[in-house]
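Trainee: Before anything else, here's the structure in question.
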Amino acid sequence: MCGIVGYIGVQQAFPILTKGLHRLEYRGYDSAGVALINTDNRLNIYKSHGKVSELERFCESKDISGTIGIAHTRWATHGEPNDTNAHPHFSTDRRIAIVHNGTIENYTVLKQALEQHGCVFDSDTDTEVVVKLIEYIYRSTGCSLLNAVREALEQVVGAYAIAVISADAPDTIIAARKSSPLVIGIADGETFLASDASPIIEHTNQVVYLRDNEIAIIKRGEPLQVITNKNEPSTIDIQTLRMSVSQLEKGGYPHFMLKEIFEQPNTLFDCIRGRISADGTKVQLSGIEDNASRFINAKRIVLVACGTSWHAGLIGGRLIEELARIPARVEYASEFRYANPVISSDDIVIAISQSGETADTLAAIKLAKERGAFVYGVCNVVGSSIARATDTGTYIHVGPEIGVASTKAFTGQVTVLTMMALAIAQLKGTISPDALRSTAQSICKIPSLI
Ligand code: GLU
């Protein structure tokens, strides 16, 4: 998981971009880089292997002026971590720059085809192929940069979030996504772009989550425009973030994981709030209540997840079987998606993911839906891909989890799954009112016990 940050507006882009990269450092990376267009319409690109702070030092004596730019932290998938392979990558004439998160599966074929047209590659990355392909289409057809990006993406197989800028269009960022998240932040006269909301929240709480196969055209001083890869206009759904900057800072703790451990009394309270009645006699989850007959008639529940979420699923599956008397299976999403599973329309699939962006879990959801299952999401990030791809679901509401080893998200997931087991049991009448009350009251006591 690498990171992308973009900015266009009235302020100097460099400090905003590098601060944004620092916010994304928790995702892990091996190199960092930035591309800026200065007032002379010159595209300056600086990149280096190592930390964002090393990039900042490297740029100290450089021209870092400009009110438009894109930046990147790389987690190498194609080519070793070094200065050349770091992003941004650029066109042969150094007038177009790209940052990319993801992998291009058919990059070898594309690279060979471009080499036959005389294209020379500097790096070992899959990403450089995309920018050289954009350049090839742009120069050979004379089309607009947007059309060149769109046509290049038509030829690309793989997963990507990209941002492109060009000295030929110094007031525009073009961004696109497929299976890799991208969020656009909209403020007065400026627009932000990032892999998740953490670099954006200190500037604006108005965001648009780009959907798969969408391309955003971010022009200085103009409203955001979003089209599909097929060049049709897309609807723009502006959401208000409920996150605060303090949630992204360490708040006096030496590291995020410790902070997040100590946040659990509050996060669990937020997770339970409004979902268990004050007297403990009712567990209310709208995703279950609104789909009561599906849960009453479900023949089986399959929980799909990866990593920590899978471990939460193991507990959830046990509780659902025990309390709601529905057979439950827990599957690794990465196995499920390739296993040709037997799934039918009276199955319910529960997909669990903190970020709501786990690629294997998203693929498992797609497969389950194709096979007619009703899919329920349990995730943390509001408006994430999994929240959108599922039929309904429950957010865990524990706030951003920066620590890589999950703590509060895990306890939030287990809490939601426990409430789900109780809510289904209550619907099906497989739990006595006394047992329901005592269990629900015990859950309500947890925040004050830890
Ligand atoms: N596949 C690209 C590379 O290796 C991007 C990796 C990433 O997502 O950071 O450069």
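Trainee: So which residues in the stretch 211-229 are at pLDDT below 95 and touching a Leu at 6+ places or on another chain (Cβ under 8 Å)?
Mentor: Asn229 - this is the single residue of the stretch 211-229 that is at pLDDT below 95 and touching a Leu at 6+ places or on another chain (Cβ under 8 Å).
Trainee: Turning to a different aspect of this structure: Within the stretch 35-93, restricting attention to residues that are under 16 Å from Lys19 (Cβ atoms), of a type in the set (Gly, Ala, Ser) and over 23 Å from the mean Cα position of the chain (by Cα), which residue is nearest to the ligand (Cβ to nearest atom)?
Mentor: Out of the qualifying residues, it is Ser53.
Trainee: If you scan the stretch 115-135, which residues turn out to be of a type in the set (Val, Ile, Thr) and either within 11 Å of the ligand (Cβ to nearest atom) or under 21 Å from Ile173 (Cβ atoms) (or both)?
Mentor: Thr125, Thr127, Val129, Val130, Val131, Ile134
Trainee: While we're here: If you take the residues in the stretch 181-200 that are over 15 Å from the mean Cα position of the chain (by Cα) and among the hydrophobic types (A, V, I, L, M, F, W, C), which one is surrounded by the fewest Cβ atoms within 10 Å (Cβ to Cβ)?
Mentor: By that ranking, first place goes to Ala187.
Trainee: Looking at (1) of a type in the set (A, V, I, L, M, F, W, C); (2) near the ligand (Cβ under 10 Å from one of its atoms); (3) at pLDDT below 95, which is the one condition that is false for Leu24?
Mentor: (2)
Trainee: Quick one: in the stretch 15-25, of everything that is surrounded by fewer than 20 Cβ atoms within 10 Å (Cβ to Cβ) and touching a residue at least 12 places away in the same chain (Cβ under 8 Å), which residue is farthest from the chain's Cα centre (by Cα)?
Mentor: Only one residue tops the list, namely Lys19.
Trainee: Do we have Ile184 as among the aliphatic types (A, V, I, L, M), in contact with a helix residue (DSSP H, G or I) (Cβ under 9 Å, 6 or more places away or on another chain) and within 29 Å of Thr39 (Cα to Cα) here?
Mentor: No: the conditions fail for Ile184.
Trainee: Of all residues in the stretch 94-114 being within 8 Å of the ligand (Cβ to nearest atom) and of a type in the set (Val, Ile, Thr), which is modelled with the lowest pLDDT?
Mentor: Thr103
Trainee: Would you mention how many residues in the stretch 177-217 are away from the ligand (no atom under 16 Å from the Cβ), within 16 Å of Gln11 (Cα to Cα) and not in a loop (DSSP other than H, G, I, E, B)?
Mentor: Total satisfying the criteria: 6.
Trainee: Please specify each residue of the stretch 270-280 satisfying the condition of being modelled with pLDDT of 90 or more and either within 25 Å of the chain's Cα centre (by Cα) or assigned to a loop (DSSP other than H, G, I, E, B) (or both).
Mentor: Matches in the stretch 270-280: Cys271, Ile272, Arg275.
Trainee: Being surrounded by 15 or more Cβ atoms within 10 Å (Cβ to Cβ) and within 10 Å of the ligand (Cβ to nearest atom) is the requirement here; does Ala148 meet it?
Mentor: It is false that Ala148 is surrounded by 15 or more Cβ atoms within 10 Å (Cβ to Cβ) and within 10 Å of the ligand (Cβ to nearest atom).
Trainee: How many residues are under 26 Å from the mean Cα position of the chain (by Cα), aliphatic (A, V, I, L, M) and in a loop (DSSP other than H, G, I, E, B) if we restrict to the stretch 105-162?
Mentor: 2
Trainee: Quick check on Asp279: is it exposed (fewer than 14 other Cβ atoms within 10 Å of the Cβ) and in contact (Cβ under 8 Å) with a residue 40 or more places away in the chain?
Mentor: Yes: the conditions hold for Asp279.
Trainee: Yes or no: the stretch 256-268 includes at least one residue that is under 29 Å from Asp391 (Cβ atoms) and either in contact with a strand residue (DSSP E or B) (Cβ under 8 Å, 6 or more places away or on another chain) or of a type outside the set (A, V, I, L, M) (or both).
Mentor: yes
The values are calculated or read from the model by the stated rules, or taken from the named source; none is laboratory data. Note that the structure is predicted; figures quoted are calculated from it, not measured. So basically every Cβ, Gly included, is an ideal-geometry build from the backbone, and we count neighbours across all protein chains shown.
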